[in-house]
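Inspection log for the structure reproduced underneath, given as structure tokens.
Where a number appears in this text, it was derived from the coordinates with a stated rule and is not lab data. On a predicted model such as this, the values are computed, not experimentally measured, just so you know. No Cβ is skipped: glycine too gets one built from the backbone with ideal geometry, and neighbour counts run over all protein chains shown.
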């Protein structure tokens with residue numbers, strides 16, 4: 001229990017003091033925000049602080065802070081310290097910088113900002129990767145809530161042969177279309193308070209259940225409990241790819257820039273962007289600790305993360321409470337998936353100069369996004385290994401996108417003469433994580449398994465992948481540093497209005 005309490009304390013106090021530090025470095029002021037200067041009644045719509053915070057939280061809190069930490073806790077109690085530290089230093093800083101830099105650039109979305117601060121060549125790569133991430137996010141967040149609704153709410157088989165699952169998917173798609181197409185304050189702003197209440201109450205309920213357990217089954221960090229994954233997975237990089245949204249998520253960058261268009265004061269940025277990631281870290285901690293308790297009571301370590309959601313909920317909240325907790329986990333991906341599609345619409349419109357205030361053009365853009373999403377969902381559900389493949393690429397792409405955002409923020413800070421290491425260090429660390437993961441993983445290059453036999457190397461070793469990752473970290477450092485110097489004049493002259 002002590003490790004869990006220390007982790008929560010790091011999250012709360014670390015988030016408070018480090019958040020103030022990050023805000024001071026950025027230097028928020030009283031200038032007009034895009035919500036006021038560019039108000040158009042569609043995407044640039046001023047909203048109240050509490051509503052922006054709630055929307056930001058629900059935009060970023062998909063299944064990542066639930067399913068990821070449940071799987072991540074298999075590495076042991078070190079997860080309960082790593083999650084809050086990573087959330088404070090990397091995740092919340094990433095979200096804050098993206099949202100605030102967007103406000104300083106007229107509410108520009110991530111592709112335009114990456115193009116400005118990292119160059120057109122980098123932006124072309126980033127835009128393609130980000131579009132893929134948004135599309136995969138939307139599909140994943142149709143699949144997971146749909147299956148939970150059919151299995152845990154309707155108590156039916158969620159296999160592809162059951163027409164009910166396809167009907168549920170269709171209803172979720174219909175909601176996504178409405179939320180993607182219509183103005184944010186007309187749809188999202190009205191329904192999010194309801195979803196927010198479910199989310200927060202569920203997390204608090206799990207937390208109370210954890211405290212009520214007394215700590216007998218909540219292991220503390222010690223040499224004997226250092227990372228020892230039952231399947232032999234390496235803590236670095238697998239833990240960070242697995243937990244993903246509970247620590248850092250590239251998807252969040254697109255959501256912060258979306259909300260940057262509805263914030264009416266820069267002073268609200270800390271609470272809206274930084275602190276909402278701290279709240280997500282709290283959600284991640286609760287589900288991770290709940291899973292640890294059940295595993296230490298004897299539950300099979302191979303139990304799937306989705307099944308663990310129901311087990312944790314029923315154990316700590318009872319039949320009625322578990323219903324609402326499961327409902328909260330259903331709401332999490334739905335409220336992230338709708339804004340993933342909406343963000344993709346805005347980015348596509350921005351890239352191809354498609355005026356999104358014109359209804360007919362907005363319809364065509366929305367349909368152009370949904371057609372491939374339907375095709376991917378059909379493959380993922382119908383193919384035996386389709387969703388597993390989809391999820392692995394989703395997890396990797398999510399972290400890959402975050403590297404671009406951290407690099408963009410670093411160049412911004414450097415060109416403004418500010419302390420840039422607050423984003424440079426997380427960017428370098430996650431470059432190592434992403435490159436070492438994709439270099440070793442079967443879904444990637446699989447370097448050790450392919451080359452190990454030629455040089456007498458154990459296929460489970462990360463020796464080659466770590467070496468490649470270390471080289472890429474140096475290249476990342478050099479590229480970002482040079483861009484801040486060589487592109488300084490270009491960056492200052494390019495002003496988004």
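Ranking 286, 245 by Cβ neighbours within 10 Å, fewest first, what do you get?
Final ranking by Cβ density, sparse to dense: 286, 245.
Let me have the relative contact order for the chain, percent, based on Cα pairs under 8 Å that are six or more residues apart.
30
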Is the C-alpha gyration tensor of the range 62-111 telling us rounded, prolate or oblate? Criteria: a/c under 1.5 is rounded; beyond that, a/b larger than b/c is prolate, otherwise oblate. prolate
Arranged by the count of other C-beta atoms within 10 angstrom, fewest first, what order do 249, 439, 461, 302 take? 302, 461, 439, 249
Between residue 374 and residue 350, Cβ-based FRET efficiency (R0 22 Å, step 0.05) works out to 0.40
Give me Rg/Rg_expected for the range 275-381, where Rg uses Cα atoms only and Rg_expected = 2.2 N^0.38 Å with N residues. 1.49
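Calculate the translational D of the range 213-286 in whole µm² s⁻¹ from Stokes-Einstein, where the hydrodynamic radius comes from the Kirkwood formula applied to all Cα pairs, the temperature is 25 °C and the viscosity 0.890 mPa s.
In µm²/s, the coefficient rounds to 160.
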Taking the alpha-carbon centre of each part, the distance from the range 263-316 to the range 219-250 in Å is 15
Per residue and in cubic angstrom, what volume does the convex hull of the Cα atoms of the range 429-497 have? 108
Between the range 88-129 and the range 319-377, what's the alpha-carbon centroid distance in Å? 20
Between residue 174 and residue 300, what length comes free when the chain is fully extended (0.36 nm per residue of separation minus the Cα-Cα distance, one decimal in nm)? 41.6 nm
Roughly speaking, what % of Cα-Cα pairs in the range 93-181 are separated by over 16 Å, rounded to a whole number? 67
Per DSSP H run of n ≥ 4, the term is -39500 (n - 2.57); total these for the chain, divide by its residue number, and report the mean residue ellipticity at 222 nm rounded to 500 deg cm²/dmol. -23000 deg cm²/dmol
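Fewest Cβ neighbours within 10 Å first, please rank 391, 50, 223, 287 accordingly.
Ranked by crowding around the Cβ, least crowded first: 223, 50, 391, 287.
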Quick P(r) readout (the range 219-349; Cα-Cα; 10 Å bins; whole %) gives 10, 32, 32, 20, 6, 0
The convex hull of the Cα atoms of the chain, divided by residue count, gives a volume in Å³ per residue of 141
Projected label distance in nm at residue 425 and residue 39, using a 7 Å step from Cα toward the beta-carbon: 4.2
Would you give the gap between the C-alpha center of the range 421-497 and the C-alpha center of the range 149-180, rounded to a whole Å? 39
